[in-house]
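First the structure, in the form of structure tokens, and then the observations on it.
The values are calculated or read from the model by the stated rules, or taken from the named source; none is laboratory data. Everything quoted here is computed from the prediction, not taken from an experiment. Ideal geometry is used to build each Cβ from the backbone, glycine not excepted, and the neighbour counts take in all protein chains shown. What goes into the accessible areas is simple: the full protein's heavy atoms, side chains included, and nothing from ligands, DNA or RNA. Shrake-Rupley method; radii C 1.70, N 1.55, O 1.52, S 1.80 Å.
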Amino acid sequence: MRKNITYWIKIILLLVLLQSCKSTTTLMKQEAALADKMGSRQTEYLYNRIKEIAKVGYAFGHQDATAYGMGWKNDGSIKRSDVHDVSGAYPAVYGFELGHIELGHSINLDTVDFKLMQKLIQRAHKMRGIITLSWHPDNPVSKKSAWDTTAAVTEILKGGNLHNEYKAWLSKLANFMNELKDESGNSIPVVFRPFHEMNGDWFWWGKGNCNPEEYISLWRETFDILTKEYSVHNMLYAYSPNTLEKKEDYLKYYPGDSYVDILGIDIYQHGSSEEFIMALKNNIGLLQKIAADKNKPYVLSEAGLNEIPIANWWTEVLDRHIAKSGISWALFWRNAWPNHYFAPYPGQASASDFILYKNLSHVLFLNDVKKIR
Ligand code: BMA
């Protein structure tokens, strides 16, 4: 009898122990910390919202959505977006570009005024939109554009000749970030996506122009300088290679779990729809696996088909293959000029299909994500 009681006590203790282990793991999973340990409360809230969005569908994003469109440019006095002109709905995700902030210029490399950009960010944030910022800094050695591939990374790393100059660049970027405040004076949280498409060879931080170790140092030093030296605490960090083949390729330049919050990938349609669909399937497939391992949200950080000449592209080519993928958003590139645009405008060949697309319940626009807490 005595022996029996001890036996049952042991079993109960074992069960309690197992249960507590299980809930600790669940807790750890739910409370994935931000890369920036000092990240603001608002930034943490944004991070959780980004995860919540993926449970409902995916958010539609557009680069420079409210800054300009086909045949118009915002001077700050209007509220407009090509996507809204076509569908009556505003994007949920707003991409903006920081290139030339590092030079202290008043307008970015795509001629968007930085003060206007701050205003548009404030407006989008007020409407509960999500902001994501890319950065194509000039080549720090040649002083030419981001697409000039003169070797530069080692020069700006700690110990390099241009390290201090790079820090001065970052301080300008940090000022911009630290100025982003809502009406109550709280910092506006954003998703920062620097040094993207590093597995391609077209940027000075890309393949062949620096090695993976140097790239990782560039990312980590940038992160450390911004967070620790310049006290920027309103950013989530998104890592976004260009479309690729294998899981190992995705992780080749990965700066590490404690330096990244969001996993992205850029996938454009350059050839046939079949090729694009294959690229979506393969890349999102590998992203799903990596994101599950790391318990991080994932996004289609850039996507699109230039000039969208395929009338049913949105519903048949794109959405059909990303609808249940678990991405938090898909960001389409800018409507720059008549042969460089990625979202429809009134009268454009894919405009009617875009309306059907907008009406799909899992494709989330501003009014949809507004409700997601
Ligand atoms: C590219 C093009 C360029 C632009 C750059 C950064 O894809 O749109 O015209 O300068 O992005 O926004």
(message) Going by amide H atoms built from the backbone, whose H comes under 5 Å of the H on Asn211, apart from near neighbours?
(response) none
(request) On the full set of protein chains, 1.4 Å probe, figure out the accessible area of Thr150 and give it in Å² to the nearest 10. (result) 60 Å²
(message) Between Ile107 and Asn48, what is the label-point separation in nm under the 7 Å Cα-to-beta-carbon projection?
(response) 4.2 nm
(request) For an R0 of 45 angstrom, estimate the FRET efficiency from the Cβ-Cβ distance between Leu360 and Trp202 and round to the nearest 0.05. (result) 0.85
(request) Can you figure out the FRET efficiency of Ser184 with Ile290, using R₀ = 45 Å and their beta-carbon distance, to the nearest 0.05? (result) 0.75
(message) Taking only Cα atoms of the chain, what ratio of Rg to Rh do you get with Rh as the Kirkwood inverse-distance radius?
(response) 1.02
(request) Springs between alpha-carbon atoms under 10 Å, Gaussian network over the chain: tell me which of Asn108, Asn359, Asn339 tops the mean-square fluctuations. (result) Asn339
(message) I need the phi-derived Karplus couplings for segment 316-322: 6.51 cos²θ - 1.76 cosθ + 1.60, θ = phi - 60°, integer Hz, Gly and Pro marked x.
(response) 8, 8, 7, 4, 3, 9, 10
(request) Pop out the carbon and sulfur fraction of the accessible area of segment 78-153 as a percent, whole number, probe 1.4 Å. (result) 57 percent
(request) Quick one: order Lys358, Lys289 from most to least accessible surface, probe 1.4 Å. (result) Lys289, Lys358
(request) Loop only per DSSP, at most 11 neighbouring Cβ atoms within 10 Å: give me the GluC sites (Glu not before Pro) in segment 116-225, ordered by residue number. (result) Glu183
(request) Please work out the average accessible area per residue across the chain, using the 1.4 Å probe convention, and give it in Å². (result) 45 Å²
(message) In whole Hz and in residue order, list the ³J(HN,Hα) couplings for segment 230-236 that follow from phi through the Karplus curve 6.51 cos²θ - 1.76 cosθ + 1.60, θ = phi - 60°; x for Gly and Pro.
(response) 10, 6, 8, 10, 10, 10, 9
(request) Using 0.36 nm per residue of separation minus the Cα-Cα distance, give me the extension gain between Ala168 and Lys324 in nm, one decimal. (result) 51.8 nm
(request) Using a 10 angstrom cutoff on alpha carbons, build the Gaussian network for the chain and name the most mobile of Pro309, Pro297, Pro212. (result) Pro309
(request) List, in order, the whole-Hz ³J(HN,Hα) value for each residue of segment 195-206 obtained from phi through the Karplus relation with A = 6.51, B = -1.76, C = 1.60 and θ = phi - 60°; use x for Gly and Pro. (result) 6, 7, 6, 5, 7, x, 9, 9, 10, 5, 9, x
(request) List the residues whose amide H sits under 5 Å from the amide H of Leu364, counting only those 5 or more places along or on another chain, with H placed 1.01 Å from N in the peptide plane. (result) Tyr58, Ala59, Phe60
(message) Just to be sure I understand: with springs between alpha-carbon atoms less than 10 Å apart, which residue in Ser258, Ser40, Ser171 has the highest mean-square fluctuation in the Gaussian network model of the chain?
(response) Ser258
(message) With n ≥ 4 as the cut-off for DSSP H runs, can you work out [θ] at 222 nm for the chain, using -39500 (n - 2.57) per run divided by the number of residues, rounded to the nearest 500?
(response) -11500 deg cm²/dmol
(message) Taking the Cα centroid of segment 278-304 and of segment 99-174, what is the distance between the two, rounded to the nearest whole Å?
(response) 26 Å
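Mind listing which trypsin sites (Lys or Arg not before Pro) in segment 56-138 are in a DSSP loop and have 12 or fewer other Cβ atoms within 10 Å?
Taking segment 56-138 and a limit of 12 other Cβ atoms within 10 Å, the loop trypsin sites (Lys or Arg not before Pro) found are Lys79.
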